[in-house]
1. Near residue 86, within a Cβ-to-Cβ distance under 13 Å, what is the net charge of the other residues, with Lys and Arg +1 and Asp and Glu -1?
2. Using a cut-off of 12 Å between beta-carbons, work out the net charge of the residues near residue 112 (Lys and Arg +1, Asp and Glu -1, residue 112 not included).
3. Only Lys, Arg, Asp and Glu count, each charged at its Cβ (+1, +1, -1, -1), so figure out the dipole size of segment 31-117 about its Cα centre, rounded to 20 debye.
4. Ranked highest first by average number of other Cβ atoms within 10 Å, how do 15-24, 97-106 line up?
5. Quick check: at a probe of 1.4 Å, how many percent of the accessible area of segment 1-101 sits on carbon and sulfur atoms?
6. Of 1, 40, 72, which is farthest on the positive side of the dipole of segment 1-92, counting Cα position, with +1 on Lys and Arg Cβ, -1 on Asp and Glu Cβ, and the Cα centre as origin?
7. So how much accessible area does residue 76 have, in Å² to the nearest 10, using a 1.4 Å probe?
8. Specify whether the C-alpha gyration tensor of segment 75-126 places it in the rounded, prolate or oblate class, a ≥ b ≥ c being the square roots of the eigenvalues: rounded for a/c under 1.5, otherwise prolate if a/b is larger than b/c and oblate if not.
Amino acid sequence: MRARMVELSWAGSRVPAIASELGCSQKTVRCWLHRFNRYGLEGLDDLGGQGRKRRITELERSRIIALVGQPPPGRLMVQPGGDLEAMDEAGPPEWTLDALAGRARELGIEVGRSQVRRILLAEGVRWRRTRSWIRSKDPDFEGKGRGSSASTPARPRTPRSSASTSSGR
């Protein structure tokens, strides 16, 4: 877009027309044309060092995202003998933002809860499983039936009499 500004300027277009065609402000067009006039093609490049530096590396971000794919330390897992056992009885049974941030800090990644949330949202990663209270993998489990809307009786319909429809009401 910056090069197009210069091209349109060389073709004789005025700043308002360039801004209108490119959908930007006149101030932006003037800024880039002045930089081009002063520095040439290098003036159209981005200046380095803009913005806040990242506090964690891409490798650390990847490690945080990978944590979600691992079972939480407090989740009960069926062992080869059929017993249920957790890696860490005191650990969280489900990943929460606090649990993920705590585990990341244990791994040496200085990160807060809100930053973990932003990382996972940016990657489209879900960090919790949602479960219904009526489902279970236990074969002896008896469900409570269908949801409340199906178990609640429907409101009985009132029969319409032919007299009320013929009277025009």
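The values are calculated or read from the model by the stated rules, or taken from the named source; none is laboratory data. Note that this is a predicted model, so its numbers are computed, not measured. Don't worry about glycine lacking a Cβ; one is built from the backbone with ideal geometry, like all the others, and counts go over all protein chains shown. Ligands, DNA and RNA are stripped out before the accessible areas are found, and what is left, the full protein with its side chains, is counted by its heavy atoms. Shrake-Rupley method; radii C 1.70, N 1.55, O 1.52, S 1.80 Å.
1. On the way: positive: 75; negative: 83, 85, 88, 89, 94.
Net local charge, residue 86 excluded: -4.
2. Neighbour charge sum, excluding residue 112 itself: +3.
3. Working: 13 positive and 13 negative charges, 133 e Å.
Here the size comes out at about 640 debye.
4. Values: 15-24: 14.6, 97-106: 17.1.
Final packing ranking: 97-106, 15-24.
5. Values: 3780 of 7150 Å².
About 53 percent, which is the carbon plus sulfur part of the accessible surface.
6. The one lying farthest along the dipole's positive direction is 40.
7. About 100 Å², rounded to the nearest 10.
8. Working: a/c = 3.34, a/b = 2.04, b/c = 1.63.
The shape class here is prolate.
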